[in-house]
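These notes are about the structure you will find just below.
Every number in this text was worked out from the coordinates using simple rules, so none of it is lab data. Here the structure is a predicted model, which is why all the values come from computation and not from measurement.
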Amino acid sequence: MKTLKIAIQKSGRLNEKSVELLKNCGLNFENYKSSLISPVSNFPLEILFLRDDDIPEYVQDGIADLGIVGENVIQETEVKVSYLQRLGFGKCSLKIAIPNHSDISSLAGLNGKAIATTYPVILKKYLVGHKIESDIRTISGSVEISPGLGLSDAICDLVSTGGTLKSNGLKAFADVMNSEAVLIGREGSENDDLIQELIQRIQSVLRAKETKYVVLNAPKENLKDVLALLPGVKSPSVVPLAEDGWVAVHTVIPERDFWDRISQLKQAGAQGIVVMPIEKIIL
């Protein structure tokens, strides 16, 4: 049997979550910080620990079959790969930011201004799309200090919480793109059976993370109202209780609807509501 190779970030903001995801898929491996390759003992897979900037090209060139990397890196490197699965972590935004005291008040105000960034390709496309002509200055790091040093009038950088901007006297001005971690593969790789098996494992973990398993008791006379509030993977399970006139209902609830549904269920007569995490959901 062939062995797949998946490239993930060796260090940085996506490393921990990528390792956690793969381990939650039931894959046994060691996260060797000093090694570039870690074999998986219970699945035909090897994990490559690389710089995030190198991952898209490794996948495009066939050195790795799969990769986990931020969308911003893919767009900046302009490689040709397939998006196989959005992963829901590593979310951030690429934004243009300006000093708090700047007199720039509209996108047109960026004309003729210098913008420092580590993402010149993405920024150029954005500016061209908005018919803005700016001086793009590529900086390898510490972009946020460039306005204070007089190197630029604005910056374009990744923003998660905005704390770094605030501490450097900057404010978000325009959204360039949103980004999150994605599973990528070579073009056409989605047709590979072994890759599909791994994707199925990943999807089962992601589904479970987005839902809660709920068990509750309800009087039979209120069952119709309770069931109307409970979507399940197919439909809720209803089990008679020893006490006459009562049933136990088992189902899953999307995380985003959790608290609203719980309040509604109590109003509909549900009691003894037990909420549990789900490890995996396989459809």
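Brief remarks follow.
- Angle in degrees between helix 120-129 and the longest Cα principal axis of the chain, rounded to the nearest 10: 90
- The angle separating the long axis of helix 258-267 from the principal Cα axis of greatest extent in the chain is about 30 degrees.
- Only DSSP H runs of four or more residues enter the estimate; each adds -39500 (n - 2.57), and after division by the residues of the chain the mean residue ellipticity at 222 nm equals -7000 deg cm²/dmol.
- For SER146, the amide hydrogen comes within under 5 Å of no other amide hydrogen, counting only partners 5 or more places away or on other chains and with H modelled in the peptide plane.
- Highest GNM mean-square fluctuation among GLU57, GLU243, GLU197, for the chain modelled with Cα contacts below 10 Å: GLU243.
- Close lysine pairs were tallied over the range 84-211: pairs 8 or more places apart or on different chains with Cα atoms under 23 Å apart number 19.
- Rounded to 10°, Cα long-axis angle of helix 193-209 versus longest principal axis of the chain: 70
- Residue among ILE136, ILE63, ILE262 with the largest mean-square fluctuation in a Gaussian network model of the chain, springs linking Cα atoms under 10 Å: ILE262
- By definition, a body whose alpha carbon gyration tensor gives a ≥ b ≥ c is oblate when a/c is 1.5 or more and a/b is not larger than b/c, and the chain fits this oblate description.
- Evaluated at q = 0.13 Å⁻¹: base-10 log I(q)/I(0), Debye formula over Cα of the range 1-115: -0.59
- Choice from LYS131, LYS209, LYS23 with maximal GNM fluctuation in the chain (Cα, 10 Å cutoff): LYS131
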